[in-house]
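The values are calculated or read from the model by the stated rules, or taken from the named source; none is laboratory data. Predicted, not measured: the structure shown is a model, and the values here were computed from it. A quick note on method: Cβ atoms are made from the backbone with ideal geometry, for glycine too, and the neighbour counts reach across all protein chains shown. To get the accessible areas, we keep the full protein, side chains included, count just its heavy atoms, and leave off ligands, DNA and RNA. Shrake-Rupley method; radii C 1.70, N 1.55, O 1.52, S 1.80 Å.
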Amino acid sequence: MGSIAERDFDKLAAEQAKDDADILDELESEAKAFGKDSEIARILGAFKANPYDVLDLQPGVPDEDIKKTYRKKSLLIHPDKTPNKQAPDAFDRLAQAYQALLDEKKRAILDEAIADARMLLIRDRKLTIDSDEVKDPDVEFMKAWKEKVKWVLADNEDRRRRQMRAQMQEEGREKRKEEEDLAERKRKREHADDWEKTREVRIGSWREFQKKEEGKKKGTKKKIKVLG
């Protein structure tokens, strides 16, 4: 049986171990919270029009990587698992990016824009596809490429909106022309209806006019004197 001093030491050691464990749990919780908050901030700070950027993926990755990354990040920032008030917005943006990359048509358009951005960057820097800077891009080149992708996507969106406005204007002109044609046909139809409705009145008026004319002619004949 140990001495009182030994028992006190053991008790103190046990309490210290518990305190250390609590501190480690707290630090781990804080680290997880920091990781969640950092990821939420990253997602909301990513270029929304580029789903690869939102999911923090490189272009051309297989579908399996996209699904795995989305699953991991969606669990990390799920609104039910963090008190961060921006979590719902980040979660929705993450889901939209995921759906866009799984849409073959949207992904093809995005990949084309990214390829266009790369070629524009190569042209701007007077490089070729065989240049070392292109074959083995460094961090600076990748950053510049990412910025060029933003420009291309924004330009494409601007073009799309202009085309939509032009189409709406054209549709508006066509609609106005159609409405004017309908109004003109209605006017002519109403005019024809009115003409038909007043037909009997016109005929009656004409008959009255004819009778009056005939009466005038008869009266003129009676006044003629016979010579001889």
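Quick rundown of the values:
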item	result
Spin-label model distance (nm) - A166 vs S131, 7 Å beyond Cα toward Cβ	3.2 nm
Listed peptides 57-64, 75-82, 45-52, 119-126 by packing density, highest first (mean Cβ within 10 Å)	45-52, 75-82, 119-126, 57-64
Near-label residues of region 106-138 by backbone N, under 19 Å of a point 7 Å along Cα→Cβ of F47	106-126, 134, 137-138
Amide N proximity, region 88-104 versus N156 label position 7 Å along Cα-to-Cβ, cut-off under 16 Å	97-104
Amide N proximity, region 50-81 versus D111 label position 7 Å along Cα-to-Cβ, cut-off under 20 Å	50-70
Region 39-163 - charge dipole about Cα centre, Lys and Arg +1 at Cβ, Asp and Glu -1, debye rounded to 20	460 debye
Of K48/K105; K68/K148; K85/K105; K81/K143; K48/K85; K105/K175, pairs whose Cα-Cα distance is over 29 Å	K85/K105; K81/K143; K105/K175
Solvent accessible area, Å² - E170, 1.4 Å probe, full protein context	80 Å²
Pairwise FRET efficiency - E184 versus K68, Cβ, R0 = 45 Å, nearest 0.05	0.10
